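The values are calculated or read from the model by the stated rules, or taken from the named source; none is laboratory data. Remember, predicted model here, so these are calculated numbers, not experimental data. Positions of Cβ are backbone-derived with ideal geometry, glycine not excepted, and every protein chain shown enters the neighbour counts. Each accessible area value is taken on the protein alone, full model and side chains, heavy atoms only, with ligands, DNA and RNA left out. Shrake-Rupley method; radii C 1.70, N 1.55, O 1.52, S 1.80 Å.
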Amino acid sequence: MKKILLNYLPPSDVYTPSAALSILKSFMIERGFNTDVIYWNLLLKDALPLQDSDEIEEAIIPFVSIINDQFSNVLGNNKSVGLLKKLLVEKDYDEEDNYQLLLDTSKKDIFTIIDNELEKIDFDNILLFGVSSKFHQWIPGIILSQKVKLISPKTPIVVGGFGSVQSAVEVMKLNSNYDFSTWGEGEFPLLELSKQLQKPIPDFNMVPRLVFRENGKTYISTTNRSEYLDMQDYMIPNYDDYFDSYPENEEKYKIVIPINSSRACSWNKCKFCDYNRGYKYRARTAECIINEVEQIANKHKSVCFSFVDNDIYVNPDHFEHLLNLMIESIQKHNYDYEFWAEMIPNEKLTAATLKKMQQAGFSQIFIGYDAITDLLLQKMAKSNSFSSNILFLKFSLKNEIFPLVNIIKGVLDETADDVVESMENLHFLRFFYNKGEYSLYHEYVTLVVSNMTKYYTMLSAEQRAEYNTNKLVELLPSHFAEGDSRFSLFRWQKQKVDNHKQWSAMQRKEEYYSENIHSYKVEVGEANVEFSEFVNDKHIATYKLDKETDWQILKFANDKIMSFEDMLSQMQTLKPDFNAEDLKKNLNRLKEIRLLYCDKDFSGIISVINVNE
């Protein structure tokens with residue numbers, strides 16, 4: 001039987017195998033299709049001057065330049081050389097080096113490596129040649145597909161993994177060597193496409209979520225719906241090709257194995273998100289996840305894993321069970337697991353949960369955080385609150401789980417007052433800075449818009465025109481991004497973010513907190529608690545807190561977020577005559593001195609300080 005070749009290209013991370021292509025390999029092999037993955041990112045690693053860059057436009061400069069050569073885009077090439085020089089000089093390269101020669105050498109090496117590897121392939125035995133679209137791999141894929149078609153013009157090439165039909169259609173316009181493109185989940189479209197290619201007269205309309213060429217024209221298949229991969233009976237991804245390709249001189253401890261614990265998003269309402277078209281939400285069982293972790297750790301001797309879902313937290317019972325199984329696995333196999341994950345803070349999380357995460361091996365969490373005011377979070381249609389953000393920061397830092405947190409600038413309907421409130425709310429976070437390796441650091445990012453975001457549909461044509469900045473597109477030929485179709489393959493931001501003066505002031509304010517150590521001291525007396533606050537060990541304020549009310553409220557809201565009703569009920573168990581107005585008065589005072597946060601409705605109550613230390 002003919003083979004399927006899946007291809008993983010730069011700028012994908014060389015230290016992480018492809019989760020998508022590895023599960024596709026297992027899926028297709030189980031259904032009788034011999035499938036391999038070629039890791040071009042490893043093969044081309046030494047040919048790319050900036051292959052380790054986190055910025056896509058930097059990592060694939062040579063591929064962009066090759067495309068510019070083909071379309072006589074002198075301006076794009078000059079920009080590419082200038083960017084390469086700027087970035088390498090920052091890495092201590094000599095400013096007088098010939099960076100044009102360096103780029104030309106890189107392009108020559110890319111062609112040599114691709115030619116040599118393709119010569120090893122028997123294309124008469126290839127049923128389908130597949131390229132991943134993730135991280136804009138479809139751009140280097142243009143060069144690879146050109147080379148394949150020169151050798152074997154009849155070899156079908158599919159590029160897959162796009163988030164919308166518009167993206168899949170647009171990429172076919174840009175590269176005539178792509179015969180097919182797909183969007184949404186890829187398993188069953190790839191299976192059906194492979195079956196059709198085996199037939200004397202294929203019917204590509206039978207392939208779900210497919211764009212295809214026929215008689216010189218491009219069509220969208222009439223079949224959109226398909227089966228979805230069973231997450232309850234999830235097969236183990238096959239990473240053999242990655243480990244077979246991994247350079248012997250590279251340290252294996254750098255490898256991070258991706259884990260899928262769910263597909264799509266349970267919330268799916270955030271206005272800036274563009275990930276979930278063609279996907280159906282479902283989650284794996286905790287037993288299924290830990291079985292995969294143990295099998296991979298045993299087979300490949302790799303124990304660092306990264307959950308690639310946008311939220312590992314399914315529900316309290318599921319997550320608690322998963323953590324318990326992780327801890328049991330550590331004790332049973334003596335594996336020193338390290339887990340990375342993405343997680344959206346929620347009001348069901350507690351201090352005990354964060355502690356157990358640390359015991360299970362979680363070392364860093366990318367938090368779906370995005371703002372530090374409730375109003376901005378609501379404007380983005382986020383599920384989290386500033387209260388849940390505070391709790392997560394407070395106890396992830398305490399348990400030495402590094403929190404990676406973004407603040408999004410320039411969201412739609414954002415006002416200057418929203419940014420001013422954000423700046424004022426930094427003071428609630430003052431004790432989370434300057435804590436050594438595990439300290440708060442906000443990454444400020446500007447809102448980007450694609451046609452898959454809910455924000456895109458809220459913009460008029462005039463407003464869309466203001467979203468005109470994309471660093472990668474600036475290097476490419478102009479026809480890669482024209483008109484509204486430019487939003488199909490690329491994300492765009494404004495040249496100057498809204499409320500930029502206020503955002504600049506906020507970032508300067510945060511520098512103050514980063515550079516000055518805020519600390520406190522608590523002295524508990526019989527009737528009162530004396531709370532003293534310091535900046536760089538210099539005393540700045542002392543507050544006298546009533547032990548039976550103020551301090552008790554802080555204790556109740558120390559390890560978990562509390563609603564107004566629950567807090568009132570708890571306080572009335574201690575003081576039966578304590579009423580709602582009393583509670584509001586205490587909450588207002590504690591919030592005014594920034595020892596506690598609650599929302600405008602006096603709910604979402606969380607202590608900023610740790611009263612149990």
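What angle, in degrees between 0 and 90 and rounded to the nearest 10, separates the Cα long axis of helix 165-174 from the longest principal axis of the Cα atoms of the chain?
That helix lies at roughly 40 degrees to the long axis.
If each Cα of the range 227-369 is one equal point scatterer, what is log10 of I(q)/I(0) from the Debye formula at q = 0.09, 0.15, 0.19, 0.21 Å⁻¹?
Per q value, in the given order, log10 I(q)/I(0) is -0.29, -0.81, -1.24, -1.44.
Work out the charge dipole of the range 24-145 with +1 on the Cβ of Lys and Arg and -1 on the Cβ of Asp and Glu about the Cα centre, then indicate which of 140, 84, 112 is farthest towards its positive end.
140
Given the chain, report the % of alpha carbon pairs whose separation exceeds 32 Å.
When every Cα pair of the chain is considered, 55 percent fall beyond 32 Å.
Heavy atoms of the protein only, probe of 1.4 Å, neighbouring chains included. What is the accessible area of residue 252 in Å², nearest 10?
Taking all protein chains as shown, residue 252 has close to 110 Å².
Grab the beta carbon distance between residue 150 and residue 29, set R0 = 35 Å, and tell me the FRET efficiency rounded to 0.05. Each step should come with its number before you reach the end.
Values: r = 29 Å, r/R0 = 0.84.
Computed FRET efficiency for residue 150 and residue 29 comes out at 0.75.
Mind pulling the per residue volume of the convex hull built on the Cα atoms of the range 115-232? Å³ is fine. Walk me through the numbers before you get to the answer.
Details: hull volume 14.8 nm³, N = 118.
That works out to 125 Å³ per residue.
In nm, give the distance between the simple-model label positions of residue 359 and residue 504, each being 7 Å from the Cα along the Cα-to-Cβ direction.
5.0 nm
Using only Cα atoms, what is the ratio of the radius of gyration of the range 529-613 to 2.2 N^0.38 Å? Let's see the in-between values first.
Values: Rg = 12.8 Å, N = 85, 2.2 N^0.38 = 11.9 Å.
Ratio of Cα Rg to 2.2 N^0.38 Å: 1.08.
Taking the Cα-to-Cβ direction at residue 437 and at residue 195 and moving 7 Å from each Cα, how far apart do the two end points lie in nm?
So the two model labels end up 5.2 nm from each other.
Taking 0.36 nm per residue of sequence separation and subtracting the Cα-Cα distance, how much length would be gained by fully extending the chain between residue 471 and residue 459, in nm to one decimal? All intermediate terms of the calculation are to be shown ahead of the outcome.
Working: separation 12, 0.36 × 12 = 4.32 nm, distance 2.17 nm.
So the extension gain works out to 2.2 nm.
For residue 240 and residue 532, calculate 0.36 nm times their separation in residues minus their Cα-Cα distance, and state this gained length in nm to one decimal.
On the way: separation 292, 0.36 × 292 = 105.12 nm, distance 5.81 nm.
That pair, residue 240 and residue 532, stretches by 99.3 nm at full extension.
Is the C-alpha gyration tensor of the range 8-138 telling us rounded, prolate or oblate? Criteria: a/c under 1.5 is rounded; beyond that, a/b larger than b/c is prolate, otherwise oblate. Write out the running numbers ahead of the final one.
On the way: a/c = 2.53, a/b = 1.97, b/c = 1.28.
It comes out prolate by the Cα gyration axes.
What does the helix-only formula give at 222 nm for the chain: each DSSP H stretch with n ≥ 4 adding -39500 (n - 2.57), the total divided by the residues, and the result rounded to the nearest 500 deg cm²/dmol? Walk me through the intermediate numbers first.
Details: 23 runs with 243 residues, N = 613.
Taken over the chain, the calculation gives -12000 deg cm²/dmol.
How far is helix 386-398 tilted off the main Cα axis of the chain, in degrees rounded to 10, range 0 to 90?
On a 0 to 90 degree scale, this one is about 90.
Give the list, by residue number, of cysteines in the chain with no other Cys Cβ closer than 4.7 Å, or say none.
265, 288, 304, 598
When the dipole is taken about the Cα centre of the range 494-613, and only Lys, Arg (+1) and Asp, Glu (-1) are charged at their Cβ, what size is it in debye, to the nearest 20?
Details: 18 positive and 22 negative charges, 129 e Å.
Roughly 620 debye, rounded to the nearest 20.
Assuming 0.36 nm per residue, please report the length gained on full extension of the stretch residue 101 to residue 420 beyond their Cα-Cα distance.
On the way: separation 319, 0.36 × 319 = 114.84 nm, distance 4.90 nm.
Length gained between residue 101 and residue 420: 109.9 nm.
Relative to the Cα centre, what is the charge dipole magnitude of the chain, using +1 at the beta carbon of each Lys and Arg, -1 at the beta carbon of each Asp and Glu, and rounding to the nearest 20 debye?
Details: 68 positive and 90 negative charges, 279 e Å.
Approximately 1340 debye in magnitude.
Kindly provide the Kirkwood hydrodynamic radius of the range 247-292 in Å, to one decimal, from all pairs of distinct alpha carbon atoms. Could the numbers behind the result be given before it?
Values: mean 1/r = 0.0736 Å⁻¹.
With all distinct Cα pairs of the range 247-292 included, I get 13.6 Å.
Can you give me the pair-distance distribution of the range 112-165, C-alpha pairs, 10 Å bins, whole percents?
23, 53, 22, 3
Projected onto the charge dipole of the chain (+1 at Lys/Arg Cβ, -1 at Asp/Glu Cβ, origin at the Cα centre), which of 304, 349, 40 gives the Cα projection farthest towards the positive end?
Farthest towards the positive end: 40.
Based on the Cβ-Cβ distance of residue 352 and residue 496, what FRET efficiency does E = 1/(1 + (r/R0)^6) give at R0 = 51 Å, to the nearest 0.05? Working shown, then result.
On the way: r = 45 Å, r/R0 = 0.88.
In this case the efficiency is close to 0.70.
Roughly how tilted is helix 580-592, in degrees to the nearest 10 and between 0 and 90, from the longest Cα axis of the chain?
70 degrees
Ignoring ligands, DNA and RNA, please state the percent of accessible area on the chain from carbon and sulfur, probe 1.4 Å.
Working: 12830 of 27390 Å².
That fraction is 47 percent.
Return the subset of 45/86; 509/538; 149/195; 91/134; 173/280 for which the Cα-Cα distance in this structure is over 25 Å, preserving the input order. Let's see the in-between values first.
On the way: 45/86 20 Å; 509/538 19 Å; 149/195 22 Å; 91/134 27 Å; 173/280 28 Å.
In this structure, 91/134; 173/280 lie more than 25 Å apart at Cα.
Relative to the compact globular guide of 2.2 N^0.38 Å, what is the alpha carbon radius of gyration of the range 437-554, as a ratio?
Values: Rg = 24.3 Å, N = 118, 2.2 N^0.38 = 13.5 Å.
So the range 437-554 has a normalised radius of gyration of 1.80.
Order the peptides 7-18, 224-235 from the highest to the lowest mean number of other Cβ atoms within 10 Å of their residues. Provide the component values of the computation, followed by the final result.
Numbers: 7-18: 23.8, 224-235: 13.8.
Those peptides, ordered most packed to least, come out 7-18, 224-235.
May I ask you to derive the FRET efficiency for residue 579 and residue 75 from their Cβ-Cβ distance with R0 = 51 Å, giving the value to the nearest 0.05?
Values: r = 71 Å, r/R0 = 1.39.
Here the calculated transfer efficiency is 0.10.
Suppose each label sits 7 Å from its Cα in the direction of the beta carbon; what would the residue 484-residue 612 distance come out to in nanometres?
Distance between the two pseudo-spin positions: 5.4 nm.
Using the Karplus curve 6.51 cos²θ - 1.76 cosθ + 1.60 with θ = phi - 60°, work out ³J(HN,Hα) for each residue of the range 254-262 in order, rounded to whole Hz, and write x for Gly and Pro.
Coupling constants for the range 254-262: 6, 5, 10, 8, x, 10, 9, 9, 7 Hz.
Run down the lysines and flag those whose C-alpha is under 20 Å from the C-alpha of residue 348, throwing out any fewer than 8 positions away in its chain.
Within the straight-line cut-off, residue 348 pairs with 269, 356, 382, 394, 398, 555, 560, 600.
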